[in-house]
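Take a look at the structure below.
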Amino acid sequence: MDWHSNLAKHAARWTGRASCFGLAAGVVLVWLVSGPLFGFSDTWQLVINTGTTIVTFLMVFLIQNTQNRDTEAIQIKLDELIRATKRAQNTLLDLEELDQEDLDKLRREYEELARAARERRGGEAGKRPDGPRRAQ
């Protein structure tokens, strides 16, 4: 793993902890308390505005990086489940790589399969196509 990815992974873990939230709340509290000392000046306001803008800007990219990694991991796991299931259609592997038109076509095919399954069950609205839930 390159150092960028490693840094993003560790930063995402750290910023998601309660201690990081506590630190951020503490910074805001110190800023609020220092207001009277600086006469609530424009510079005093500019400090928090600049700081929060920079943090927000960086967090957008950090969140996107984390979401991309998580999505990719989930896709790989789903691909493995499809591959390992005997009756699954292996053509469904890597669907995320298809363009929107092909995805829409597949969705329509599966909507038709679902509609046909409901009709075979007698079209009973609100019931699960795979039968009633059993108490556990």
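The values are calculated or read from the model by the stated rules, or taken from the named source; none is laboratory data. These numbers were taken from a predicted model, which means no experiment stands behind them. FYI the Cβ positions are ideal-geometry reconstructions off the backbone, even for glycines, and counts take in every protein chain you see. Just the protein is used for accessible areas: all its heavy atoms, side chains included, with ligands, DNA and RNA removed. Shrake-Rupley method; radii C 1.70, N 1.55, O 1.52, S 1.80 Å.
Some points to look at:
- The apolar share of the surface of the chain, taken as the fraction of accessible area on carbon and sulfur atoms (1.4 Å probe, ligands and nucleic acids excluded), comes to 61 percent.
- Over the chain, dividing the summed -39,500 (n - 2.57) contributions of all DSSP H runs of at least 4 residues by the number of residues returns a 222 nm mean residue ellipticity of -24500 deg cm²/dmol.
- Coil-residue trypsin sites (Lys or Arg not before Pro) of the range 1-36, DSSP, other Cβ within 10 Å capped at 12: Arg17
- In this structure the chain gives 86 Å² per residue of accessible area when probed at 1.4 Å with all protein chains present.
- Modelled spin labels at Ala24 and Ala116, positioned 7 Å past Cα toward Cβ, are 5.0 nm from each other.
- Count of Lys pairs (Cα-Cα under 24 Å; at least 8 positions apart or interchain) in the range 1-135: 4
- Relative contact order (%) - the chain, alpha-carbon pairs under 8 angstrom, separation at least six: 16
- Shape analysis of the chain yields a ratio of the Cα radius of gyration to the Kirkwood radius, Rg/Rh, of 1.23.
- Between Gly51, Gly122, Gly35, the Gaussian network model of the chain with springs among Cα atoms under 10 angstrom shows the greatest mean-square fluctuation at Gly122.
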